[in-house]
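Engineer: What follows is a single structure, and I will ask about it in a moment.
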Amino acid sequence: MYFSVYVKALEQRRNITILHGTENDWEDAMAMVWRVFKKTDARDYSVEGCESFLRFISDNMLKRMFILGRYRMYVAKDAGQIVGVITLREHNHISLLFVDEKYQHTGIGRALIGCVMDYVCDRKVLPLDNEEDKILDVLYEKEPGDFCTVNSAPYAWEFYKKLGFEQIADAFEREGIISVPMRLSASH
């Protein structure tokens, strides 16, 4: 429960709230992701990689999966403004993790990963907001797990490593996107 305690401490210290993302958050969240990607990750990618990433976050199918509960999103907000985003697919794979440049190195990324690990391990720090979310968890047979994975961008590799993620395979490139497969066990 280390992550749960850390999330609460972060919320009190910075007045940041971490919530389940809603459909109303989607556009602002993806705009923040793109803005941060261009300033941080883009330098490690070719034009093809940057275009692939933009296509991914702009894909209507991804948004539909989110609306249907197949793609979970948590957002960190400061005074109602989204300053951090983490998304989860397949119940235990981090798909996106971005923190606004002004808020980096404040613990928001760590807290967002804590929320995901609590969800993955079925230690729900954040109550599900409504009956629909509860039904979707049952409908898609979410089962507690004991690990989380991520295909880290080169820019984020050190961050994940500091949190206890271990590299589990060699880096690979697909459609211009460089990824390093990593895994975090709940026992860490």
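Readers should treat all values here as calculations from the given coordinates under stated rules, not as data from a laboratory. Fair warning: this is a prediction, and the values are worked out from it, not measured in the lab. Here Cβ is always computed from backbone atoms with ideal geometry, including for glycine, and neighbour counts include all displayed protein chains.
Engineer: How high is the FRET efficiency between residue 104 and residue 68 when r is their beta carbon distance and R₀ equals 35 Å, given to the nearest 0.05? Numbers along the way, then the final one.
Structural biologist: Numbers: r = 31 Å, r/R0 = 0.89.
According to the calculation, E is roughly 0.65.
Engineer: Calculated FRET efficiency, residue 60 and residue 168, Cβ-Cβ r, R0 45 Å, to nearest 0.05?
Structural biologist: 0.90
Engineer: Tell me, what ³J(HN,Hα) does each residue in the range 38-50 have, in order and in whole Hz, if you take phi through Karplus 6.51 cos²θ - 1.76 cosθ + 1.60 with θ = phi - 60° and put x for Gly and Pro?
Structural biologist: 4, 8, 10, 6, 3, 5, 8, 10, 6, 4, 4, x, 5
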